[in-house]
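The structure appears below as structure tokens.
Each value in this text was obtained by applying a stated rule to the coordinates, not by laboratory testing. This is a predicted model, so every value here is computed, not measured. Note that we place each Cβ from the backbone using ideal geometry, even for glycine, and neighbour counts take in every protein chain shown.
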Amino acid sequence: MIVSGSSSQSLAASVAAATDADLAPVSFERFPDGEHMAQVPYFDADEAVIIAATDSSDTHVELLQLQDAVREAGASHVTTVIPYMGYARQDEAFEPGQPVSARAMAKALSPGTDRVLTVNPHEPTVVDYFDVPAEAVDAAAQLADPLPEDLTEPVFLSPDEGAVNIADTVQGAYGRGRTDYFEKTRLSGSEVEIRPRDADVDGRDVVLTDDIVATGSTMAESVAALDDMGAARVYVTCVHPMLTGDATTKLARAGIEAIYGTDTLERAASTVSAAPVIATKL
Ligand code: R5P
């Protein structure tokens, strides 16, 4: 039986349909003091698959409660699918005194589950922080689906070398074009500096690819560099369309053709579903 977190209701319904599984009723309430109560009122199955993006501190708490609720209701096997794993980008202590937040989250979620699946974490090695079998699922190939068929000599380009594997995957799924990457230095939480290297994009259509678009700064700076370099149409694709604050406006003002992401986070740009690839792992 599939159990959805509050941030993953469409994806959970799609996975239920793809696997021909029942979708459990759930409710999400709050007490007057702000505490959460995520409930699964009529859970009646041996096996639970909880699908819950942890895109906020609140949804982390909800997921812990859902894990406990299905065990309480008698589930003997629990799979936890974390479509978007919050705090995964803090996968090491970058400065003295910082926590390894990804590890802290993984340790907290491990006792309530027998198995974990997560989609395109920022670093695949983050799955090693769980105390139960955990696997990273790759939904990047799906990002080629909405692209127009008539792209001109397309370049699939990641804003930094760390995400070039996503560019490679989308290029492979699209079936033609080539892959390249820029270099990026993060100046602050919302500011980045992009160095274009010598990528040849003049007159070509460019598909920017990344694991996540959060503030949109990385993509907006990349689009500005591409404009200077004479690129033709620019599309933005990502697995996790976080799109916080004014990110959507920032990218529209930058002059992109479109932005696509998957439904690991449910946004207007989530036009691609990660459900088929998750379903193959269940
Ligand atoms: C970090 O390296 C990630 O791959 C993304 O590039 C980054 O998280 C995007 O953040 P923002 O949209 O805030 O620039």
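Segment T244..E135, full-extension length gain: 36.6 nm, with 0.36 nm per residue of separation and the alpha-carbon distance subtracted. Computed over neighbours whose Cβ is under 11 Å from that of V119, the net charge equals -3, Lys and Arg +1, Asp and Glu -1. A simple spin-label model places pseudo-atoms 7 Å from Cα toward Cβ; at E29 and H77 they are separated by 3.3 nm.
About its Cα centre, segment 117-248 has a charge dipole of approximately 140 debye under the convention of +1 per Lys or Arg Cβ and -1 per Asp or Glu Cβ, with nothing else charged.
In segment 141-263, Rg over Rh equals 0.92, where Rg is the alpha-carbon radius of gyration and Rh the Kirkwood radius from pairwise Cα distances.
Taking Cβ atoms as reference points and 14 Å as the exclusive limit, the residues near G34 contribute a net charge of -4, counting Lys and Arg as +1 and Asp and Glu as -1.
Each Lys or Arg adds one and each Asp or Glu subtracts one; over the other residues with Cβ under 12 Å from the Cβ of P99, this totals -1. Take 88-101, 217-230 and order them by the average number of nearby Cβ atoms within 10 Å per residue, most first; the result is 217-230, 88-101.
A Cβ-based charge dipole, computed about the Cα centre of the chain with Lys and Arg at +1 and Asp and Glu at -1, lands at about 120 debye. Computed over the alpha carbons of segment 22-161, Rg followed by Dmax gives 17.9, 57 Å. When +1 charges are put on Lys and Arg Cβ atoms and -1 charges on Asp and Glu Cβ atoms, the dipole computed for segment 72-150 relative to its Cα centre reaches about 400 debye.
Computed over the chain, the alpha-carbon pair-distance distribution with 10 angstrom bins reads 7, 29, 33, 21, 10, 2, 0, each value a whole percent. The simple Förster model, with R0 at 22 Å and r as the Cβ-Cβ distance, assigns Q39 and A18 a FRET efficiency of 0.30. Could you compute the FRET efficiency for A93 and A268, with r as their C-beta to C-beta distance and R0 at 25 Å, rounded to 0.05? Step by step, r from the Cβ atoms, then E = 0.10. In percent, rounded to a whole number, the relative contact order of the chain is 15, using alpha-carbon pairs under 8 Å and six or more apart.
One chain, two ends: K281 and D145. Fully extended at 0.36 nm per residue, the span grows by 46.9 nm beyond their Cα-Cα distance.
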